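Trainee: The structure under discussion is supplied below as structure tokens; questions concerning it will follow.
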Amino acid sequence: MSTASATNTASSSTTGAGGSGGAESCHGTLGAADAERFVVIGHPYDPNGGSANTYEVLRLATDGMLSRINKSVPLGRPADRPIAFTPDGELGFSVQDDGSIGVFGLQDDGTIDGLESGFRGSFYADRLVVSADGSTLWVVDPNFPENGGGIYELAIACDGTLTDNGLRFPAKNAAGLAFDPVSGDFLVAARAALDSTGVAHAHRVNTSLVASVDVFGDDEALLSWMTLTAGGKHLLIGDNSSFSSVPNRVGAVPITASGLGTPQVLSDIEDPYAIAASPFDDAAIVVSGFGDAIFVLGYDPDAPSPLTFEGELTYVAGSPQVPGALAMVERGALAGRVLVADVRGLFVVQFAQGATVTDIGVFDLGGGTENIVSGVGITP
């Protein structure tokens, strides 16, 4: 592990717990934990296999049942990335395949209103994170720093209008962003951040670089996904490089009181495209895109080596098909319900206490290229 103090500084606005930009928000209040939710999915193809730009709303009932409700809107062509929402679920933000951001509003009956078909700023968007108070949209740009790569700060107005406040700090090939639940520090999966040097894949940033750590022990990794465990003790980071002679891997990075600890690495996990950590803090799943599989990991937040490989998920009626991005319910009776993009619709998985992971089945949209899913989000 390498730790460094940066000479470059991030922007002067305060980070705050959960990454708040400090502005007052109209959308920061969470609804009831067990209320009906909506799921928004992207459809990037038309019936003939050409490009499409449709976002569809599904209903997620309190018993976990999904249903189509005939609500959709055209924005820009969706990318296979998580769709982010303000805490109240009234505004949604999607990564689109040209690096722009689609902005939409959701009404109480699931009606979806297009607010911005493709917001373009000084960035190329690849991941989006909404602050805990709903006032800020953080944008991850995966480019090299010289081409604008880094973390960008956008203000969210009450009506969903975005204002680009510019680059918060530079990063190289960034693939994920979270916030330390205690300090509010930025936690970033990237090959570099600010003025970090040497091989590094995880970074902790406040007003300067606090710490960087080499997760995988070489410069062969292509970072695919990052998630923070429920208790905030580890970052789980995927390497799905298809150009390396080194097998694909998943790393667990400890988040210490003031830095980052020594990582654990699990090897030979094919194409860890997406990762979800159980809200019960005792398991994780890894979605293998090329492997058409979901792998189960045991997780002990207090163990020196917190991850154990438990094998492939036991399927109800076969494995996922070309699985992609995922979203998870994080609170209420449905906490741990995971929806994974699948060419047929959504592959549904459930975490439960006791490190239990169950295949719930496929929500099949009926076939046809127009029903292929790319990108998914669940209202909080």
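Trainee: Give, as a single signed number, the net charge of other residues whose beta carbon lies under 15 Å from the beta carbon of GLN353, with Lys and Arg counted +1 and Asp and Glu -1.
Mentor: So the environment of GLN353 carries a net charge of -2.
Trainee: Assuming 0.36 nm per residue, please report the length gained on full extension of the stretch ALA61 to ALA317 beyond their Cα-Cα distance.
Mentor: Contour length minus the Cα-Cα distance gives 89.9 nm.
Trainee: Which order do peptides 251-257, 201-207 fall in by mean Cβ count within 10 Å, highest first?
Mentor: 201-207, 251-257
Trainee: Same structure again: Over all directions, average the projected area of the Cα convex hull of the range 341-380 and note it in nm².
Mentor: Approximately 3.6 nm², given one-decimal rounding.
Trainee: What would the Debye equation give as log₁₀ I(q)/I(0) for the range 33-180 at q = 0.10, 0.18 Å⁻¹, counting only Cα atoms as equal point scatterers?
Mentor: Treating every Cα as an identical point scatterer, log10 I(q)/I(0) equals -0.35, -1.05.
Trainee: So what J values fall out for the range 302-317 if you push phi through Karplus, 6.51 cos²θ - 1.76 cosθ + 1.60 with θ = phi - 60°, rounded to Hz, Gly and Pro as x?
Mentor: 9, 7, x, 10, x, 9, 10, 8, 9, x, 7, 4, 7, 8, 7, 9
Trainee: Output the direction-averaged projected area (hull surface divided by four) of the convex hull of the alpha-carbon atoms of the range 281-380, in nm².
Mentor: With the hull built on Cα positions only, its mean projection is 7.0 nm².
Trainee: As an exercise, identify the trypsin sites (Lys or Arg not before Pro) in the range 40-149 lying in DSSP coil whose Cβ has no more than 16 other Cβ atoms within 10 Å.
Mentor: Filter output for the range 40-149: ARG120.
Trainee: I would also like to ask the following. What translational diffusion coefficient, to the nearest whole µm²/s, does the range 159-217 have by Stokes-Einstein, given a Kirkwood radius computed over alpha-carbon pairs, a temperature of 20 °C and 1.002 mPa s viscosity?
Mentor: 175 µm²/s
Trainee: Also: If you take all C-alpha pairs in the range 196-270, what percent of them are over 19 Å apart?
Mentor: Above the 19 Å cut-off, the range 196-270 has 32 percent of its Cα pairs.
Trainee: Using only the C-alpha atoms of the chain, find the volume of their convex hull and express it per residue in Å³.
Mentor: 124 Å³
Trainee: Where does the range 78-162 land on Rg(C-alpha)/(2.2 N^0.38 Å)?
Mentor: The reported ratio for this selection is 1.04.
Read-outs throughout are calculated quantities, based only on the coordinates presented, and are distinct from any laboratory measurement. The structure displayed is predicted, hence computed values, not measured ones. For neighbour counting, all protein chains shown are included, and Cβ atoms are generated from backbone atoms with ideal geometry for every residue, glycine included.
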